[in-house]
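What follows draws every value from the coordinates through simple rules; no lab data is involved. Because the structure is predicted, anything quoted here is derived from the model rather than measured. In this analysis, Cβ positions are derived from the backbone assuming ideal geometry, glycine residues included, and neighbour counts consider all displayed protein chains.
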Amino acid sequence: MGSIFNSSEKSAVEPLTVGFILSPDFTLSAFSNFIDVLRLAADDGDFSRQIRCKWKVLGFNSQSIVSSSGIEVRPTSGLVDPSQFDYIVVVGGLLHAGKKISPLLVNYLKEAAEQGVALVGVCTGSFILARAGLMKSHRACVSWFHHQQFEVEFPELQASSDSLFIIDRDRITCAGSAGAMHLAANLIGKHCGKYEASRALRIMLEELSFSEKMPQPQPFLNAKVLNPHVRKAMLLIERNIGTPLAIEDLAKKINLSPRHLERLFVKEIGLSPAEFSIKLRINHARNLVLNTGGAISLIALECGFLDTSHFSRRFRVEFGVSPTQMRKTSAVHCSE
């Protein structure tokens with residue numbers, strides 16, 4: 001097939017073609033965001049005709065697929081020759097619902113890969129492609145929320161939660177619903193033109209088209225951070241909340257010197273990486289104290305504090321009470 005983005009291989013009037021495979025309990029917003037960008041770029045005047053872009057929802061029968069929200073989507077096509085598509089997009093969903101995609105669909109994806117069709121994993125679609133053995137020697141983009149689960153299940157694969165999406169030759173993966181939107185715009189820009197891509201996003205009230213290097217959203221603790229190095233470091237700190245990274249290891253992972261990273265953090269959020277890490281961990285501990293019945297010593301360990309006494313002192317400095325006192329006070333208020 002050659003380069004999947006070599007538009008010279010397609011005539012100027014040949015549309016971008018996409019087939020969708022929806023997993024049981026798929027994420028509706030990820031699917032709708034992706035397909036709506038296609039729809040808006042495909043035609044002018046909001047007529048939704050499949051002119052510049054064409055798409056089908058594929059299924060081995062006519063039975064509707066139920067999303068995680070309970071909304072059902074019916075396939076619009078059987079499992080046609082995969083070579084007619086530029087991309088086949090697998091939309092994942094709930095990881096622990098116990099439902100898997102049909103072996104017929106897995107075999108179809110393998111056939112598509114053999115024919116050189118680019119495969120796209122949206123949301124937890126990266127897990128589906130990996131389980132089918134289709135991510136070997138390819139990097140996978142996963143949500144920071146599912147990163148540890150991916151590493152446990154696929155220790156031999158290279159996963160990243162630093163960016164919204166990753167294009168690695170004929171395997172493309174993205175995290176979350178916003179990632180699906182911007183990935184679709186990126187593919188449209190390469191096949192149909194940047195104007196069509198940006199126009200579709202503007203109609204969806206998205207001002208800018210994000211590239212694959214755009215970091216995933218930073219932790220909730222801080223106001224919006226624009227520097228991509230700081231955002232990536234914040235995500236790494238959050239992902240390793242139970243085993244805090246040394247500043248040297250953190251800086252190495254994002255190809256900066258420790259001193260440079262320190263300066264960037266102080267400039268962006270007024271805290272050093274170590275100070276941010278402690279604040280993030282102590283706030284996570286507060287949520288566990290208030291919302292779980294876990295022992296304080298175990299909560300301390302889960303949040304990266306090896307010494308329970310040190311944890312309790314730091315907790316008191318931050319919130320004015322010990323973890324035990326906060327839990328007791330919360331229990332009293334809840335019973336009133």
Subject >> residue 272-residue 102 pseudo-label distance in nm [points 7 Å out on the Cα-to-Cβ vector] >> reply: 5.9
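For residue 317 and residue 44, compute 0.36 nm times the residue count separating them, minus their Cα-Cα distance, and round to one decimal in nm. If you can, show how the numbers build up before the last one.
Values: separation 273, 0.36 × 273 = 98.28 nm, distance 5.89 nm.
Net length gain for the segment: 92.4 nm.
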Original post:
Which label belongs to the value computed from this structure, given these candidates for volume of the Cα convex hull per residue in Å³: (i) 172; (ii) 134; (iii) 205?
Top reply: (i)
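Within 10 Å of each residue's Cβ, count the other Cβ atoms and sort 192, 303, 141 from fewest upward.
Lowest count first: 192, 303, 141.
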Original post:
By count of other Cβ within 10 Å, fewest leading, how are 166, 299 ordered?
Top reply: 299, 166
Original post:
Toward the positive end of the charge dipole of the chain, about the Cα centre and with charges on Cβ (Lys, Arg +1; Asp, Glu -1), which of 94, 241, 157 goes farthest?
Top reply: 241
Subject >> Unit charges at the beta carbon, dipole of the chain: most positive-side option, 193, 51, 321 >> reply: 321
Subject >> Fraction of antiparallel bridges per DSSP, the chain only, in percent to nearest 5 >> reply: 25
Original post:
Which shape class applies to the stretch 230-287: rounded if a/c is under 1.5, otherwise prolate when a/b exceeds b/c and oblate if not, where a ≥ b ≥ c are the square roots of the Cα gyration tensor eigenvalues?
Top reply: oblate
Subject >> Relative contact order %, the chain, counting alpha carbon pairs below 8 Å whose residues are six or more apart >> reply: 13
Original post:
Which value, in debye to the nearest 20, describes the size of the charge dipole of the stretch 7-203 about its Cα centre when Lys and Arg Cβ atoms bear +1, Asp and Glu Cβ atoms bear -1, and nothing else is charged?
Top reply: 160
Original post:
Out of residues 5 or more away from residue 140 or on other chains, whose amide H comes under 5 Å of its own, with H placed 1.01 Å from N in the peptide plane?
Top reply: 158, 159, 160
Original post:
Based on the Cβ-Cβ distance of residue 14 and residue 72, what FRET efficiency does E = 1/(1 + (r/R0)^6) give at R0 = 35 Å, to the nearest 0.05?
Top reply: 0.60
Original post:
From the backbone phi of the stretch 23-36, what are the Karplus-calculated ³J(HN,Hα) couplings (6.51 cos²θ - 1.76 cosθ + 1.60, θ = phi - 60°) in whole Hz, Gly and Pro given as x?
Top reply: 7, x, 6, 5, 7, 4, 5, 5, 5, 5, 4, 5, 6, 6
Original post:
Which ³J(HN,Hα) values, rounded to whole Hz and listed in residue order, are derived for the stretch 174-189 from phi using the Karplus coefficients 6.51, -1.76 and 1.60 in 6.51 cos²θ - 1.76 cosθ + 1.60 with θ = phi - 60°, glycine and proline given as x?
Top reply: 8, 10, x, 6, 5, x, 4, 4, 6, 5, 4, 5, 4, 5, 5, x
Subject >> Hydrodynamic radius by Kirkwood, which averages 1/r over all alpha carbon pairs of the stretch 218-336, in angstrom >> reply: 15.2
Original post:
If one puts a single equal scatterer on every Cα of the stretch 7-203 and applies the Debye formula without solvent, what log₁₀ I(q)/I(0) results at q = 0.10, 0.17 Å⁻¹?
Top reply: -0.37, -1.14
Subject >> Sequence-separation-based contact order of the stretch 7-203, relative, with Cα cut under 8 Å and 6+ spacing, percent >> reply: 23
Original post:
Where does the chain land at 222 nm, in deg cm²/dmol rounded to the nearest 500, when only DSSP H runs of n ≥ 4 count, each adding -39500 (n - 2.57), divided by all residues?
Top reply: -13500 deg cm²/dmol
Original post:
For the residues 236, 95, what sequence is obtained by ranking on other C-beta atoms within 10 Å, fewest first?
Top reply: 95, 236
Subject >> Estimated FRET transfer efficiency (residue 290, residue 202; beta-carbon r; R0 51 Å; 0.05) >> reply: 0.75
Subject >> Where Cα atoms sit under 19 Å apart: lysine pairs in the stretch 1-150 separated by 8 or more or lying on different chains >> reply: 4
Subject >> Point-to-point label distance, residue 309-residue 260, nm (Cα→Cβ direction, 7 Å offset) >> reply: 4.2
Subject >> Förster radius 30 Å - calculated FRET efficiency between residue 156 and residue 80 (Cβ-Cβ, nearest 0.05) >> reply: 0.35
